[in-house]
1. How do the strands (runs of 3 or more DSSP E) wholly within the range 15-114 filter down when requiring 2 or more residues that are surrounded by 22 or more Cβ atoms within 10 Å (Cβ to Cβ), of a type outside the set (A, V, I, L, M, F, W, C) and at pLDDT 95 or above: which remain?
2. For GLU6, state whether it is open to solvent by 50 Å² or more (accessible area, probe 1.4 Å) and more than 15 Å from ASP99 (Cβ to Cβ).
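The values are calculated or read from the model by the stated rules, or taken from the named source; none is laboratory data. The structure displayed is predicted, hence computed values, not measured ones. Positions of Cβ are generated from backbone atoms using ideal geometry, with glycine treated the same way; all protein chains shown enter the neighbour counts. Areas reflect the complete protein model, heavy atoms only, side chains present, ligands, DNA and RNA absent. Shrake-Rupley method; radii C 1.70, N 1.55, O 1.52, S 1.80 Å.
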Amino acid sequence: QVQLVETGGGLVQAGGSLRLSCAASGRTFSSSAMGWFRQAPGKEREFVAAISRSGGSTLYADSVKGRFTISRDNAKNTVYLQMNSLKAEDTAIYYCAVDLVSLRLISESRAYDYWGQGIQVTVSS
């Protein structure tokens, strides 16, 4: 089992910034790819960003590329999502997830093995 806990969400005005953190417990964190997903009310869960085991490779959804940055600190067992230039359409529950198996960065949620409880991000316009 891997447990994930997201923190850092909240309410922010459009154009502002927010940083989400995901603290992971488990022995495999440093050897696992990590991803962020989000789900807005009435919509399907969608991919946001992913980062490789070493942090050397990243993948972003087109909707957030250039605005969001995913990073990780393996010494702290934590992955981050820095969100800049936030828009109202970024409002969603954000989930952190672990991919224990894949050798490539994957955008499909079904590839991820463990999920955090989610955290609300609300962007006011």
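1. Ranges flagged: 33-39, 92-99.
2. no
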